[in-house]
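Notes to accompany the following structure.
The values are calculated or read from the model by the stated rules, or taken from the named source; none is laboratory data. Owing to the predicted nature of the structure, the values given are computational and were not obtained by experimental measurement. FYI the Cβ positions are ideal-geometry reconstructions off the backbone, even for glycines, and counts take in every protein chain you see.
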Amino acid sequence: MSDILILVFEVVSKHLGSLRRVVAEPLGAVGLIMVVGMIAGAIFADFLTAFEPTRISPRDRFLEPSVVHLMGTDQLGRDLFSRVLHGGQIALSVALVSIAASLLIGVILGLIAGYGPRWLDNLMILLFDAIKSFPTVMLALALVTLFGPSLTAVMIVVVLVNVPGYARIIRTQTLALKSSQFVTSAQSMGASTARVLRVHILPNSIGPLLILASMDIPVVIAIEAGMSFLGLGVRPPTPSWGAILNDGFTAIRDTPWIAIAGGVPIILTTLGFTFLGETLRDIFDPRLKRRA
Amino acid sequence: MLIYSLKRLALAVLIVSVAMFLLFTMIYLIPGDPASVALGPRATEAMREALLVKMGLDQPVWIQFWNFFVNAWQGDLGTEILSNRPVFHVVMEQLPWTLALITGGMVWSIALGIPLGCWTAVKRGGLADRLIGVFSVAVIAVPSFVIAIYALLIFAVSLRWLPAIGAGDPGNLGDQLLHLILPSLAVGLGWVGYIARMVRASMLEVLEAPHIRTARAFGLPDRQITYRYALSIAILPTVTLLGVGIGQMLSSAVFAEIVFARPGVGKLVYDAILTRNFPLVSGAVLVTTALFIAINLVADLIVGYLDPRVRSRL
Amino acid sequence: MNVLEIQNLNVAFATGGGFLRALKNVSIDIPEYCIVGVVGESGCGKSTLINSILRLLPENGSIDTGSIQFEGRDLAQLNLSQMQGIRGSRISTVFQDPMDALNPVLSIAEQMLHIQYRSDLSRKKKNARSIEMLRRVRIPDPESALKRYPHEFSGGMKQRIAIAMAMMMEPALLIADEPTTALDATLEVAIINLLKELQSQIKCSMLFISHHLGLVAELCDEVVVMYAGEVLERGSARQIFHDPWHPYTQRLLDCDPASQTLRTRHLPTIPGEIPDLRRDQEGCIFRSRCQFCEEVCKTVPAEVETEGHHVRCHRLFQ
């Protein structure tokens, strides 16, 4: 585990100098600003607003946006600006935790499929294909019936959706590297399987995987928001952009600002992460363009 | 071609079977047994036992799975808890609505995506190319339910151009089509972006091919080269992609049906979850998954048919 | 009478490392009913020459100066739609690799119909014309061949079909860009004979690009020797093959495997490499590899002509 963390850190820090190249692209710069803004808003939520995101105030129901309530209030009189900022925390943490878990599981399964016996490989590929063949939302709905609506259910959905793709990449790379000269020579010098995987195979295949994973962040944020919108994600009164959007949708004819408060952050965040991810991919690994 | 088709069919059947297995495992793991859920808290132990036997839930797991498996392939997905009707019939009643929605989404994505992709490939590097490029990325990134709600807010609530909810008067095709415009746009808009990007990329590749140079050297008109000689090849990968696209549209359709209060499989599953009607959930998920796999199979076979190189090699 | 007259043609490509002068002061005449061969190593500018005549240069390439006179018009000055009217009808081309030269998803019939789009004939008559052309290039069972797709034919057959397509509109000039290089040696002679036969039937001229000296000697009336974007020597086939003046032509002939009389393990080569065309070259372009290079060669370019035999070399003055 710690090995992988160090590895991720090394890859990231190696490319940190290339930040300038990202900013040089108009789309990359715009994406970076949006992402940094969103992260800052989430981290400093408590400093940016005096309102509690969950405090109900019956006197302040359905207030239009004003200087006091920047985005207005919802049907329970909660300040929407505060809910949006705190919703960003939920979106970010779901994205980070579930993608990290998907990466970990995906890498392990991919290494097993690529390095293990042929029958296991075939079996796993079949399983991956079967999971991929469920339409995402249908899979999510099926899982929610199993676990009940919760943040955990959302994360399990994300892991299930992402792992097959990640594992496939690692598997392909492992298969290609398994027969390469430097791995064969390492084996002939008595390196253990674990060492070969850790020292030779993993570092060579983790780069493209990280780029793909970064491009999945907006997808995960969309899944969380979507399930919360359906009432199958976070439980009320926890603020989530999807939940705010649902509140707004219910009252869309009379108080459209609630729907705007819920939807605009989703749009800006998914756009920001996508612009940034596309720019990163074009800079670091143009070959991935074709695969995606 | 025949052998290839059979192989693809066998693989599809295998994947559906594995999907069934996964689904069965999920249902089996659901805490609490379906019989108590169906009968409610006031049922006696004897009633519960009887229903368990009737549903075959007193058997060992592997026999339960085998029964589930055999029945499912025969179209028997069990009976729904609330109305006691066969799940398969209930799902099939709602399926046409969802298929109409997805077809509408496909029409949007093809009618806009292919011309945009083709046009940007021919005019590559220009301002229009870059703007459409950003547009494509944007519509791919933004989740379809957000598009659905804002489409509803703008075109139905504020501007009042189009009807907001429902599927239209029964029997009135024009009204139904009018009700289909916004939901299908919400379902298809992301795929406008995907298809535009895909067509652009493969057009650029094809336009570099030697046979395009030959066509130019024969003095063929530019329009004919672009559409007849290049696009007809560049479109082939897109057909495969459309198979995947339909799967994603099945997902988006769930949201569109809920936002626009339309009947359909997505609405059915959603309502079933809220009422904890598990057989209906698993049945509907299984039907849509099988449908998705079948559509992908058909897409692959269509590519095989359209491309004479593949057609004869197989 | 010349069908095509290229005069002092200069073509350059804009590259990351500056302008690359791909053709430098190239002059070539193609007389009526004649076959003119162009020989040279790869990278000598043969393809650029064809692309310039057809005006199919890539986006970063441009004709800077010079003229390409064809049937009373300067091709270098025409706009693209005028040029499109000439391609395929007055000037036609057979390309190097038949494998990918025909559109893979259209049947032979469709492609041959498209080429005849300028003609007013009925669809039926156009198809009859296609069948006649396929018969003339000796495609067995041309009626059914018409219905098939390119991948159903062998490389040699595809090249025959490509020739039939190129000859269909009876052009005044046929450009053949290494038409046999991608084929088996056994097919080479048959394709060459076919080209020659059709050329004399249709009474067109031909620009034949090849690095196969034996073929050029056999087929061509006139020969152009190109090196690094320049025409070093041109004249009748007899002048070039029996009395080559330029040291490069002489070395090229020595290197031809067919000219080896003794069995040896090593084929002779010309040492050195083509100079970097992104830099301005002074004097003779071949001097860095020339065994006779003298002081004058380094600064002053040369150009001599006697009895239609042109050569860019100083040795003849001495």
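If only residues of the stretch C:45-59 that are more than 11 Å from every other protein chain (Cβ to nearest Cβ) and among the aliphatic types (A, V, I, L, M) are counted, the one that is farthest from C:PHE13 (Cα to Cα) is C:LEU49. In a helix (DSSP H, G or I) and over 21 Å from B:VAL265 (Cβ atoms) - does that describe any residue in the stretch B:94-111? Checked against the condition, which is being in a helix (DSSP H, G or I) and over 21 Å from B:VAL265 (Cβ atoms), the stretch B:94-111 yields at least one hit.
Screening C:ALA172 against (1) surrounded by fewer than 18 Cβ atoms within 10 Å (Cβ to Cβ); (2) in contact (Cβ under 8 Å) with a residue 60 or more places away in the chain; (3) farther than 20 Å from C:GLY155 by Cβ leaves a single unmet condition, (1).
Being touching a Leu at 6+ places or on another chain (Cβ under 7 Å) and either small (Gly, Ala, Ser) or assigned by TED's automatic domain parsing to the domain that holds C:GLN199 (or both) is the filter here, so list the residues in the stretch C:130-166 that pass it. Of everything in the stretch C:130-166, those that are touching a Leu at 6+ places or on another chain (Cβ under 7 Å) and either small (Gly, Ala, Ser) or assigned by TED's automatic domain parsing to the domain that holds C:GLN199 (or both) turn out to be C:SER130, C:ALA145, C:GLY155, C:GLY156, C:ALA162, C:ALA164, C:ALA166. Checked against (1) away from chain A (no Cβ under 13 Å); (2) surrounded by fewer than 19 Cβ atoms within 10 Å (Cβ to Cβ); (3) within 30 Å of B:LEU177 (Cβ to Cβ), B:SER83 passes all but condition (3).
For the condition surrounded by fewer than 21 Cβ atoms within 10 Å (Cβ to Cβ) and either touching a strand residue (DSSP E or B) at 6+ places or on another chain (Cβ under 9 Å) or of a type in the set (A, V, I, L, M) (or both), B:LEU159 qualifies. The residues in the stretch B:260-279 that are buried (at least 24 other Cβ atoms within 10 Å of the Cβ) and at the interface with chain A (Cβ under 10 Å from one of its Cβ atoms) can be counted, and the count is 5. Residue selection: C:SER27 fails the criterion of being over 27 Å from C:ARG251 (Cα atoms), at pLDDT 90 or above and surrounded by fewer than 18 Cβ atoms within 10 Å (Cβ to Cβ). Among the conditions (1) touching a helix residue (DSSP H, G or I) at 6+ places or on another chain (Cβ under 9 Å); (2) more than 9 Å from chain B (Cβ to nearest Cβ); (3) among the acidic types (Asp, Glu); (4) free of Cβ contacts under 8 Å to residues at least 60 places away in the same chain, C:GLU110 misses just one, which is (2). In this structure, A:ILE267 does not satisfy being out of contact with any Gly (no Cβ under 7 Å at 6 or more places or on another chain), in a helix (DSSP H, G or I), modelled with pLDDT of 80 or more and surrounded by 24 or more Cβ atoms within 10 Å (Cβ to Cβ).
From the list A:ILE217, A:ILE206, A:ILE221, the lone residue that is more than 14 Å from every other protein chain (Cβ to nearest Cβ), surrounded by 15 or more Cβ atoms within 10 Å (Cβ to Cβ), out of contact with any strand residue (DSSP E or B) (no Cβ under 8 Å at 6 or more places or on another chain) and in contact (Cβ under 8 Å) with a residue 12 or more places away in the chain is A:ILE206. Looking across the stretch A:144-159, the residues that are more than 7 Å from every other protein chain (Cβ to nearest Cβ) and touching a helix residue (DSSP H, G or I) at 6+ places or on another chain (Cβ under 7 Å) come down to A:PHE147, A:LEU151, A:ALA153, A:VAL154, A:MET155, A:ILE156, A:VAL157, A:VAL158, A:VAL159. With the structure loaded, tell me whether B:SER232 is among the hydroxyl-bearing types (Ser, Thr, Tyr), without any contact (Cβ under 8 Å) to a residue 40 or more places away in the chain, within 14 Å of chain C (Cβ to nearest Cβ) and touching a helix residue (DSSP H, G or I) at 6+ places or on another chain (Cβ under 7 Å) or whether it fails that test. Judged against the criteria, B:SER232 is not a match. Could you tell me which numbered condition A:THR193 fails, if it satisfies all but one of (1) within 11 Å of chain B (Cβ to nearest Cβ); (2) surrounded by fewer than 23 Cβ atoms within 10 Å (Cβ to Cβ)? Going through the list (1) within 11 Å of chain B (Cβ to nearest Cβ); (2) surrounded by fewer than 23 Cβ atoms within 10 Å (Cβ to Cβ), A:THR193 breaks only (1). Being within 13 Å of the chain's Cα centre (by Cα), buried (at least 21 other Cβ atoms within 10 Å of the Cβ) and in the same structural domain as C:ASP177 (by TED's automatic domain parsing), is that true of even one residue in the stretch C:194-202? So far as the stretch C:194-202 goes, no, none of its residues is within 13 Å of the chain's Cα centre (by Cα), buried (at least 21 other Cβ atoms within 10 Å of the Cβ) and in the same structural domain as C:ASP177 (by TED's automatic domain parsing).
For the stretch A:51-83, a tally of residues being out of contact with any Phe, Trp or Tyr (no Cβ under 7 Å at 6 or more places or on another chain) and under 29 Å from A:PHE273 (Cβ atoms) returns 9.
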